[in-house]
Amino acid sequence: MAQIKRFGFGLQALIVLALTSEQRSSAEIAEEIRCEPTALRKILAQLGEAGIVEVKQGRAGGYQLTRKPGEITLSEIYNALHEEEPLWNQMLDTTGNHLFGKKVNESFQKIMTDIIVQVDHVLGTYTIADLLE
């Protein structure tokens, strides 16, 4: 699953969890957001590893937020679900290993770094609570 889709489903799952103080099973969340349960469990596992959700195993298990929705930034979620390089980094594949290509690659690298910093900054200004409004 592409990173941006994981991010979208992850956000939706966290919104579902933010709307209740009780644990929710992955099946319940998957049904609510219309996501394939196996894919959602992987997303929730990544969010668990990042300390965003608490994972309880077993028959009475489920998922719940570890913090208040206003304390969880979208940047934190995006970074927890980050697996592959951003799509815009593919621009670097268009430059060659010749003098001109190397110069262009340096320029592209600066642009890519700026994009990453800006995306992180913008996402850092929003929380799950903002999505509940």
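Being closer than 22 Å to E133 by Cα and assigned to a strand (DSSP E or B) is a condition met by no residue of the range 7-23. Give the residues of the range 54-86 that are in a strand (DSSP E or B) and under 25 Å from I116 (Cα atoms), sorted by residue number. If the condition is that a residue be in a strand (DSSP E or B) and under 25 Å from I116 (Cα atoms), then T73 is the only one that fits. Of the residues G51, G101, the single one that is small (G, A, S) and at positive phi is G51. Which members of the range 36-53 meet the condition of being within 16 Å of I128 (Cα to Cα) and either in a loop (DSSP other than H, G, I, E, B) or at pLDDT below 95 (or both)? Those that are within 16 Å of I128 (Cα to Cα) and either in a loop (DSSP other than H, G, I, E, B) or at pLDDT below 95 (or both): A50, G51, I52.
Counting only residues that are free of Cβ contacts under 8 Å to residues at least 24 places away in the same chain and of a type in the set (A, V, I, L, M), how many does the range 94-121 have? Adding up the residues that qualify gives 4.
Kindly establish whether I33 is of a type in the set (A, V, I, L, M, F, W, C), in contact (Cβ under 8 Å) with a residue 12 or more places away in the chain, closer than 22 Å to A129 by Cβ and touching a Gly at 6+ places or on another chain (Cβ under 6 Å). Break it down stepwise before answering.
Numbers: of a type in the set (A, V, I, L, M, F, W, C): yes; in contact (Cβ under 8 Å) with a residue 12 or more places away in the chain: yes; closer than 22 Å to A129 by Cβ: yes; touching a Gly at 6+ places or on another chain (Cβ under 6 Å): no.
Answer is no for this residue.
Looking across the range 9-30, the residues that are of a type in the set (A, V, I, L, M, F, W, C) and free of Cβ contacts under 8 Å to residues at least 60 places away in the same chain come down to F9, A13, V16, L17, A27, I29, A30. Within the range 67-100, the set of residues being at pLDDT 85 or above and surrounded by fewer than 16 Cβ atoms within 10 Å (Cβ to Cβ) comprises R67, K68, G70, E71, N79, N97, H98, L99, F100. For first residues located in the range 122-133 and touching a residue at least 12 places away in the same chain (Cβ under 8 Å), partners that are of a type in the set (A, V, I, L, M, F, W, C) and not in a helix (DSSP H, G or I) and lie 6+ apart or on another chain with Cβ distances below 7 Å form the pairs T127/I72; I128/I72.
Can you confirm whether A18 is of a type outside the set (D, E) and under 12 Å from the mean Cα position of the chain (by Cα)? First the steps, then the outcome.
Values: of a type outside the set (D, E): yes; under 12 Å from the mean Cα position of the chain (by Cα): no.
Judged against the criteria, A18 is not a match.
The values are calculated or read from the model by the stated rules, or taken from the named source; none is laboratory data. Model, not experiment: these values are computed from the prediction. Positions of Cβ are generated from backbone atoms using ideal geometry, with glycine treated the same way; all protein chains shown enter the neighbour counts.
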